[in-house]
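Before any comments, here is the structure.
The values are calculated or read from the model by the stated rules, or taken from the named source; none is laboratory data. A quick note: this is a predicted structure, and the numbers were derived from the prediction, not measured. Cβ: placed from backbone, ideal geometry, glycine included. Neighbour counts: every protein chain shown.
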Amino acid sequence: MRHVSVLVAFVCLGAVPSRAVAQGRTITGHVTDAVSSAPLGRAQVSLRGTETGTLTKDDGSFAITAPAGDVALVVHLIGYRRREVAVPAGQQAVTIELERDVLRLEAVVVTGQATGQERRNLANAVGTVSAEQVNQVPAQDVEQALQGKISGADIESNSGAPGGGIQVRMRGVTSIIGNSQPLFVLDGVVVSNDAIPGGTNFITQAEGPQSIATVEDNPANRLADLNPGDIESIEVLKGASASAIYGSKASNGVVIIKTKRGQAGGAPQFELSQGVGLAAISHELGARLFRDSVEVDSTYCKPGLACAFQSLCSLSGGRCPVFNQEDVVAGNKPITSRTTGSIRGGSETTRYYVSGLWDVEPGIIDNTGYSKHSLRVNVDQLIGSRIDLNFSTNLVHSNSRRGLTNNDNTGTSYYMSLFSTPSFVNLHPLPDGTYPNNPFAPSNPLQTSALLRNESPVWRFIGSTTVTVAAIKTPQHSLKFVGTAGSDFFNQKDNIFAPAELQFEQASGLPGQVILSHTNNLNVNVSGNVVYGYTPASGALTATTSVGIDYQKHDQDITRTAAQNLVGDIGNIAQGTIFAIAEQQQRVRDMGLFAQEELLALSQRLLLTLGLRADQSSADADPSKLFYYPKAAASYRLVFASPALQEVKLRAAFGQSGNEPLYGQQFTELTSANLGGVPAAGLGLVGTVPTVAAPDLHPEREREIEGGLDATLFGGRASLSVTGYDKRITDLLLQRSLPPSSGFQTEIFNGGVMRDRGVEVDLTAVPTQRADLQWTMNANFSLDRGKVLSLPVPNFFPPTGFGVDLGTNYIQVGASSTQLVGNDTLCTSFCKVGDQNPNFRVGFSNDVQYKAAHLYFLLNWQSGGVADNLTAWLYDLTSNSPDYATPIKVDTTTMALGAYRATTFPAETKTYLESTTYLKLRELTLSIDLPQSLVRRFWSGGRYARVSVSGRNLFTLTPYKGADPEVSNFGTQQIARNFDVSPYPPSRSFWLSVNMGF
Amino acid sequence: MHRPFLSLVTGATLLVLVACKDLMVPDLNNTSLSDLESNPTAAKIATAAQGLLAGTRENVAFYVRDLGIFGREGFDLEPTEPRTVTQLMEGPLDPGSFGGGQWTAPYADIRNAHVLLRALDKDQDMSAPDKEAVRGFAQTIQALDFLEVIVTRDSFGAPIAVDIDPLGPPAPIATRAQVYQHVLDLLDSADTHLRAAGSAFPFRLGVGFAEFSDPASFLAVNRALKARVEVYLDDWPNALLALDSSFMDTTKSLRLGVYHTYSTQPKDEKNPNFDPVHLFANPDLITRAQVQGDGVTLDQRVLDKITASVDTPPPLDGVTSNQQFALYGPDSSITLIRNEELILLRAEIALGQSDLTTAAQYVNFIREHSGKLPRIANLAAQTPDSILTELLYEKRYSLMWEGGHSWIDLRHYNRLLTLSRVATNGHFYTRMPFPTNECTPRSPQPPGCASVNGF
């Protein structure tokens, strides 16, 4: 940074342009909404061609000093279209009506690290979401609030567990084993979205006994820490053509989040909101109902062996009692609560935004839930007229309690014991409070949910400072320096306690387990940008030149201790007598340089962009090698005079970006082991997979070409955007299987070519815009087709999966990257049995404001795709699925449906592949603004009060028989998603909220 | 126009200077293979030699378990992993999952031995006799790893020449006879090295080798392994020769031998076959057990090794049990080779050489000393076939659930069908397929790449 300050000094000394203060008259006026005539406060009113400007007050009034002759006033207000009004000499008062910019054509969208362009000129289809769109319905985390709202972004929950666990995939599969998530940039800082598993694998052994924690632990992803209420805007760069300027971390897309900031002018604005909600399971799997002891005997008892199960059906006539075990485990209807408050205000020189969040959301299973407390302080300080300092700080404390779900090999997680537990066995606690053992599984799920604790408290601080120095501001030249430094630190503690009295703990012979983990994560980044703008006196063009540098540092250290055979029942790790320990560190250093030229010409109708980024990283085998990522884009607006069609913008963009290897992939490692006190080192010890690193390991490279058109229709009442793209990912990070006789099982290397092609359509329309009725409609459509074009090695199985017979992904030349293969009677070894990628997705929302009432809903439709419903298989295997006993005729014999399914599997893997087509009502809100007179009667300073009823995921129509078609046993995965193994069940949530502003 | 440009250029230059920075970071999590290969020291070699033992232990519990299931000694009943029944007992054996087992771990250890042997050649630190000791140890362990592979693949064969570029084409598949010969060659070569070694190993062997922890005594282990291999090959004279140099001794404990040890210490492994929730004994072992002299008490080996289980799991394809093995706790050892097997091998050799008197003598010795069963009078007078039946009974009960011996022996003498199938659709196997990844790069696909159907 030392060099950067030298640069600041240099720039500051070099720029001493002269300015004259105009003398003359004072123009006064009002700015109002063109439709409702409501006064508009905080609008920027400036004198064209000068730096003179002011802000309107809350009543819309302003006064500005202007020279004596004819002048023009330019009025800006975010969310409205810019308006230019001529004020002839002699006119002193003016009323300016602004029209809402519903199509957000004038919103400035990011094009570089310190540059932006108005949306109407943009050469890329950048997805943008506003604060209002994010906060229609209370969401636990930001991604949940984005589902269905952005074309090309496939945002999917891994389970219904509270507190996150959502993955984002933009424009198809872009990596097989590399980082799979987009880059998240919050107020200029690269923030962590890690999903750090808690360590339930130690109990569930989902991936065997070797690791304490694995991806099957159903971790939350850390983006969940953000308070959705703080978000001002989200911009989504979906592919390399837009994200090239972010270089070697950007090929999965970039999500740029800006938080709310203070506003100058007017009185400070307070907002308070209190929501009270209710959550309930949205889909129970059910279980088989047994008629009588005869049915039980024929199902569970083997001739010749003693069997006492029939005695459980001792009602009259040997009928069986019915216990809804699932309802007891996951049938809670918890009351949730969310309180938010914010203050926004400031003067011309100092602006501030302060917000707080207090969110408590218990889960539908005992001892699960999510809570989040957040405090944000954003302060902006203007020093003189040239230096703008922005400080953003956010302190978050969250705690997700996610219970024990997903795959397990010990029969301990809730649904892993529910599937084999028939409805006639009574698992309820005995009068003395102890739980009976479950004779049908190693655990009693009622007992597990009542006694097991799995907590993940997080403390996090994200802070950033941006300095903007406007060194030169003349009509012809502008020179701006933008420096940002920020850091994101969090500590995640994971504490799992399985007390000794649990059935599976007693059976293990080493009763009681505690798993304690601490993660410290620090991301730091520092960047400097110089932006030079040039507009010749003729005004024929605007050229923006920017150069910058970016340094990023990522340090992560996870330490874990697991203890068994506990003394007592207090759950302290030191009470263990048998221990396992682990530490996993990451250290990555990245440096990037970039330069970009943007040229806006031909009356601002043509935009040309050229850019280049060069990156080096410690994650590469050669940390000193630079990798280059170019970009180029052009757009041109055609203007029409017809009433139906005003403007068509044609655009095309090309860009490249990368995806660096993960830390550790560049090393060929020996593992260490303890052989009864003797230290040992070697390949493949303690269950590790011997892996070779390629000697030239480097980032994946994505090349994207995007083209499309944006049309403005019906006098700005509708817009249509159509985009096609073609992505080609080369030098894929691949983990190919080696013939194990080599001693190694896998190699991490670069190679192969993968393609994604797709189409996105966005339609926004305002069918009605009157003072008493406003109706806005949004629809988006996206489809993507991925294909593996070539591989330097034979086709292979990706590292994550359950093997061919249960269905697995298979990376195969000429095939879709998300195909599933399995056994089939029609093929000899294995063949394609399905594809996880859906045919298309549609999001459709309507927002209707009628007088004081407001209705909003968002429907999300996904067509096609399959998930591997292994949960259903497990229910069938233990003769316990709800439809198991339904008789069906196979050839001439009658057999039970469930038994038939189970016998066809795994010879026919398709048996348990189910369509993930769904239609979900993602969001619904109905709100009423209380009359202002009423509000003022309660509080003279009141601005508004709103009462709303809202819901999330209220209904799902789907042929999928499992808990939810959005499911991922392996957590965040671009490939190997959609495996359903006893996930946390999804819930629907209802909210009653009161929002007040004053 | 001038000044802004100047500042831009200056700024950009400064930025480039800052950027030319060394970003190298070390591996913070593990030691590296290249370090051992390029900078070997006596200490690193010792750790790697100890790693060989850890490597060969890596899979042994699953070897015991899976081969034990093939030989119907026990069952693995996991409601969440039914393939332990549907594949291991019913079939077919899928090369993509369970069928491909007992392969990757032994081959990783074979690579470990090759890496160690190369490091030894390069090392300047260690004395020549110490190097000979390490070589003898490494080749013995390597032979054991190859043996594990060929026992399970049998007539499919297995690759031998595997010390090649792991990124190149795979080693060719050698025949069963070639692999067994390779195992014998390794054992003999190890024998030569051990004889040239000093009085102690320059590394630590754990408590599992308490009585065989120097090159001279370890030589007896090497010969014991050779005797086992020669018996598998029906080469009776050489088997006897090797056995004579082994530690077989009817005056010593039947448990004298070498063991894989486990512990509950951090980073060590708990015995994976300590799993009372999932692992069960075949009740048939009780049904077919002979009785002691009182006519009531079961074979002592059954009483010692099998107990009633806490739970009787619901049957999975007809497989259930109310019995479990009492052999293993979390820190119990698994046998590598021990005196009792050697005595039984002595009987087997005698039977193979038609020396029925000697065979009967050792069979009766084990009956009396291990099973507490009465001697069978005039056993030597019975037909070789019925002596073999008796010998196989003794081997099944003496070496129960400790190394797949019953499956190997019953396959050897073509008697797998004397076992009950247990599972509804039960099948028996004589060999396992190669794992899918071993086959993928091979064209044409050798036999052993398809699923294996039992009989």
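In the condition set (1) more than 7 Å from chain A (Cβ to nearest Cβ); (2) β-branched (Val, Ile, Thr); (3) within 15 Å of the chain's Cα centre (by Cα); (4) more than 20 Å from B:Leu410 (Cβ to Cβ), B:Val115 is compliant with all but (3). Just one of the numbered conditions (1) of a type outside the set (Phe, Trp, Tyr); (2) part of a helix (DSSP H, G or I); (3) modelled with pLDDT under 95 is not true of B:Gly454: (2).
Here A:Met754 fulfils each of the conditions (1) crowded, with 22+ Cβ neighbours inside 10 Å; (2) within 14 Å of chain B (Cβ to nearest Cβ); (3) under 29 Å from the mean Cα position of the chain (by Cα) apart from (2). Tell me, please, whether a residue that is within 14 Å of another protein chain (Cβ to nearest Cβ) and either closer than 29 Å to A:Val467 by Cβ or at pLDDT below 80 (or both) can be found in the stretch A:30-41. Checked the stretch A:30-41: no residue is within 14 Å of another protein chain (Cβ to nearest Cβ) and either closer than 29 Å to A:Val467 by Cβ or at pLDDT below 80 (or both). Considering the stretch A:473-527 alone, what residues qualify as being basic (Lys, Arg) and modelled with pLDDT of 95 or more? Passing the criteria: only A:Lys493. Pull up the stretch B:25-45, narrow it to residues that are among the small types (Gly, Ala, Ser) and facing chain A (nearest Cβ under 8 Å), then point me to the one that is farthest from B:Asp123 (Cα to Cα). Result: B:Ser32. For the stretch A:367-408, filtered to residues that are under 20 Å from A:Val215 (Cα atoms) and charged (D, E, K, R), the residue that is surrounded by the most Cβ atoms within 10 Å (Cβ to Cβ) is A:Arg402.
Scanning the stretch A:903-944 for residues that are buried (at least 19 other Cβ atoms within 10 Å of the Cβ) and either over 30 Å from A:Gly801 (Cβ atoms) or in contact with a helix residue (DSSP H, G or I) (Cβ under 7 Å, 6 or more places away or on another chain) (or both) yields A:Phe905, A:Pro906, A:Thr909, A:Thr911, A:Tyr912, A:Glu923, A:Leu924, A:Thr925, A:Ser927, A:Val935.
Checking each residue in the stretch B:265-300 for being within 12 Å of another protein chain (Cβ to nearest Cβ) and over 22 Å from B:Tyr328 (Cβ atoms) picks out only B:Thr287. Taking the criterion of being within 11 Å of another protein chain (Cβ to nearest Cβ) and part of a loop (DSSP other than H, G, I, E, B), the residues of the stretch A:458-488 that qualify are A:Thr474, A:Gln476. Which members of the stretch A:322-349 meet the condition of being surrounded by fewer than 18 Cβ atoms within 10 Å (Cβ to Cβ) and either over 19 Å from A:Leu289 (Cα atoms) or without any contact (Cβ under 8 Å) to a residue 60 or more places away in the chain (or both)? Answer for the stretch A:322-349, where residues must be surrounded by fewer than 18 Cβ atoms within 10 Å (Cβ to Cβ) and either over 19 Å from A:Leu289 (Cα atoms) or without any contact (Cβ under 8 Å) to a residue 60 or more places away in the chain (or both): A:Asp327, A:Gly331, A:Lys333, A:Ile335, A:Ser337, A:Thr339, A:Gly341, A:Ile343, A:Ser347, A:Glu348, A:Thr349.
Number of residues in the stretch B:7-61 that are modelled with pLDDT under 90, more than 18 Å from A:Pro690 (Cβ to Cβ) and assigned to a helix (DSSP H, G or I): the value is 14.
Per-residue answers, yes or no, for (1) under 30 Å from A:Leu921 (Cβ atoms); (2) of a type in the set (Lys, Arg); (3) part of a strand (DSSP E or B); (4) touching a residue at least 40 places away in the same chain (Cβ under 8 Å):
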position	(1), (2), (3), (4)
A:Lys787	no, yes, yes, no
A:Gly801	no, no, no, yes
A:Asp805	no, no, no, yes
A:Val813	no, no, no, no
A:Ser816	yes, no, no, no
A:Thr825	no, no, no, yes
A:Thr828	no, no, no, no
A:Lys832	no, yes, yes, no
A:Ser845	yes, no, yes, yes
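When every residue of the stretch B:49-60 is checked against the conditions, none turns out to be more than 9 Å from every other protein chain (Cβ to nearest Cβ), surrounded by fewer than 20 Cβ atoms within 10 Å (Cβ to Cβ) and under 22 Å from A:Ala681 (Cβ atoms). Can you find even one residue in the stretch A:164-173 that is part of a helix (DSSP H, G or I), among the polar types (S, T, N, Q) and in the same structural domain as A:Lys238 (by TED's automatic domain parsing)? Among the residues of the stretch A:164-173, not one is part of a helix (DSSP H, G or I), among the polar types (S, T, N, Q) and in the same structural domain as A:Lys238 (by TED's automatic domain parsing), which makes the answer no.
Please verify whether the stretch A:556-568 includes one or more residues that are of a type in the set (A, V, I, L, M) and in a loop (DSSP other than H, G, I, E, B).
Keep residues of the stretch A:556-568 that are of a type in the set (A, V, I, L, M), which gives A:558, A:562-563, A:566-567.
Okay, now just the ones that are also in a loop (DSSP other than H, G, I, E, B), so A:566-567.
Within the stretch A:556-568 (the criterion being of a type in the set (A, V, I, L, M) and in a loop (DSSP other than H, G, I, E, B)), the answer is yes, since at least one residue qualifies.
Scanning the stretch A:658-702 for residues that are part of a strand (DSSP E or B) and facing another protein chain (nearest Cβ under 9 Å) turns up A:Glu669, A:Thr671, A:Ser672, A:Ala673, A:Asn674, A:Leu675, A:Val678, A:Pro679, A:Ala680, A:Ala681, A:Gly682, A:Val692.
Listed here are the residues, each with its yes/no results for (1) within 14 Å of chain B (Cβ to nearest Cβ); (2) at negative phi; (3) of a type in the set (Gly, Ala, Ser).
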{"position": "A:Met777", "(1), (2), (3)": "no, yes, no"}
{"position": "A:Asp784", "(1), (2), (3)": "no, yes, no"}
{"position": "A:Thr800", "(1), (2), (3)": "no, yes, no"}
{"position": "A:Leu806", "(1), (2), (3)": "yes, yes, no"}
{"position": "A:Ser817", "(1), (2), (3)": "no, yes, yes"}
{"position": "A:Phe830", "(1), (2), (3)": "yes, yes, no"}
{"position": "A:Gln836", "(1), (2), (3)": "no, yes, no"}
{"position": "A:Asn846", "(1), (2), (3)": "no, yes, no"}
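Scan the stretch B:89-112 and tell me whether some residue there is more than 13 Å from chain A (Cβ to nearest Cβ) and either in contact with a strand residue (DSSP E or B) (Cβ under 7 Å, 6 or more places away or on another chain) or modelled with pLDDT under 95 (or both). Lay out the reasoning, then the answer.
As a first pass, look at the stretch B:89-112 and keep what is more than 13 Å from chain A (Cβ to nearest Cβ): B:89.
Subset that is either in contact with a strand residue (DSSP E or B) (Cβ under 7 Å, 6 or more places away or on another chain) or modelled with pLDDT under 95 (or both): B:89.
Within the stretch B:89-112, one or more residues are more than 13 Å from chain A (Cβ to nearest Cβ) and either in contact with a strand residue (DSSP E or B) (Cβ under 7 Å, 6 or more places away or on another chain) or modelled with pLDDT under 95 (or both).
Identify, please: which residue in the stretch A:205-215 is crowded, with 24+ Cβ neighbours inside 10 Å and within 12 Å of chain B (Cβ to nearest Cβ) and is, among those, nearest to B:Asn273 (Cα to Cα)? Here the residue is A:Ala206.
Does B:Thr192 satisfy the condition of being β-branched (Val, Ile, Thr), assigned to a loop (DSSP other than H, G, I, E, B) and more than 18 Å from the chain's Cα centre (by Cα)? No; evaluated as a whole, the condition is false for this residue.
Within the stretch B:353-369, the set of residues being assigned to a helix (DSSP H, G or I) and surrounded by fewer than 20 Cβ atoms within 10 Å (Cβ to Cβ) comprises B:Leu356, B:Thr357, B:Thr358, B:Gln361, B:Phe365, B:Glu368, B:His369. For the stretch B:397-415, which residues satisfy the criterion of being buried (at least 22 other Cβ atoms within 10 Å of the Cβ) and either part of a helix (DSSP H, G or I) or in contact with a strand residue (DSSP E or B) (Cβ under 7 Å, 6 or more places away or on another chain) (or both)? Once the filter is applied, which keeps residues that are buried (at least 22 other Cβ atoms within 10 Å of the Cβ) and either part of a helix (DSSP H, G or I) or in contact with a strand residue (DSSP E or B) (Cβ under 7 Å, 6 or more places away or on another chain) (or both), the stretch B:397-415 yields B:Tyr397, B:Ser398, B:Trp401, B:Glu402, B:Gly403, B:His405, B:Ser406, B:Trp407, B:Asp409, B:Leu410. All but one of (1) within 14 Å of another protein chain (Cβ to nearest Cβ); (2) within 36 Å of the chain's Cα centre (by Cα); (3) not in a strand (DSSP E or B) hold for A:Gly571, so report the exception by its number. (1) is the only condition that A:Gly571 fails. Applying the criterion of being out of contact with any Gly (no Cβ under 7 Å at 6 or more places or on another chain) and among the hydroxyl-bearing types (Ser, Thr, Tyr) to the residues of the stretch A:610-633, the residue that is surrounded by the fewest Cβ atoms within 10 Å (Cβ to Cβ) is A:Ser624. Selection of the stretch A:965-982 for residues being closer than 19 Å to A:Pro182 by Cα and either without any contact (Cβ under 8 Å) to a residue 60 or more places away in the chain or of a type in the set (Ser, Thr, Tyr) (or both) yields A:Ser968, A:Thr972.
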